[in-house]
Amino acid sequence: MCPGDAIARGGEAGVGTYVDHAGVVRASVCGAVTAATTTDGSAAGDGSGRWSMTMVYGVRRRAGDPVVPRVDDVVYGRVTRVQEKAAHVEILAVNGRSPTGGGFMGVVRKQDVRAFEIDKVELDLCFRGGDVVRAKVLSLGDARSFYLTTASDELGVVQALHSGSGEVMLPISWTEFQDPVTGEVEDRKVARVDE
């Protein structure tokens, strides 16, 4: 199984799965399908005292499984383009490992950039093409990309190049990087990097 593969119609989602809008249990990680039944005496609802049974499906990751982004994984990526409502990111690493096969894309939507003053976010002041960002996978998104978030102090831009000189800049505040050669300052959503 790989993320998005259908497992069963009906039932409940366990570890490594989710239920889509149509009620289909789908894999959210790569691995082997597991199934278990749960019983609930109250679910029968007819007062008969009979137990109802529900199937719970999961996907267990195996050692050596492909590295694929999943919900809550920390990813590093390079910003490829910035639009008014979203920044597009090429995912380069998942939990410190190279993704299998590459080619995974992510999107940081305007509402997922930071946790405060969301309505004041201007994406071109938070990210620029070529920036390296640390983000968390928020959801599986659509068929083309994962939804990412940088709405935490430790998430955001970790490396930025000056738009004119191309020099690697240094973070000087939560919202600014500075070119060490020219002293020019550019706005970004800066990640807190622990020493």
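The values are calculated or read from the model by the stated rules, or taken from the named source; none is laboratory data. Quick caveat, the model's predicted, so the values are computed rather than measured. Backbone-built Cβ (ideal geometry, glycine too); neighbour counts: all protein chains shown. Note: areas computed on protein heavy atoms with side chains; ligands, DNA, RNA excluded. Shrake-Rupley method; radii C 1.70, N 1.55, O 1.52, S 1.80 Å.
Brief remarks follow.
- Whole-percent P(r), the stretch 102-146, all Cα pairs, 10 Å bins from 0: 22, 53, 24, 1.
- A simple spin-label model places the labels of ARG192 and LYS120 1.9 nm from each other, with each point 7 Å out along Cα-to-Cβ.
- The DSSP beta bridges internal to the stretch 60-195 are antiparallel in roughly 90% of cases.
- Taking amide H as placed 1.01 Å from N in the peptide plane, VAL59 has its amide H under 5 Å from the amide H of VAL15, GLY16, THR17, THR34, each at least 5 places away in sequence or on another chain.
- Pairs of lysine residues in the chain - Cα separation under 13 Å, sequence separation of 8 or more or cross-chain: 5
- Karplus-derived HN-Hα couplings along the stretch 22-27 (A = 6.51, B = -1.76, C = 1.60, θ = phi - 60°), whole Hz, x at Gly and Pro: 8, x, 8, 7, 10, 6
- Solvent exposure of the stretch 117-166 as accessible area per residue, Å², 1.4 Å probe: 47
- Taken about its Cα centre, the chain carries a charge dipole of about 820 debye when Lys and Arg each add +1 at the Cβ and Asp and Glu each add -1 at the Cβ.
- Length-normalised contact order of the chain in % [C-alpha pairs under 8 Å, at least 6 apart]: 14
- Neighbourhood charge, 14 Å Cβ-Cβ cut-off, centred on GLU184 and excluding it, Lys, Arg +1 and Asp, Glu -1: -3
- 20 °C / 1.002 mPa s Stokes-Einstein diffusion coefficient of the stretch 84-195, Kirkwood radius on C-alpha pairs, µm²/s: 148
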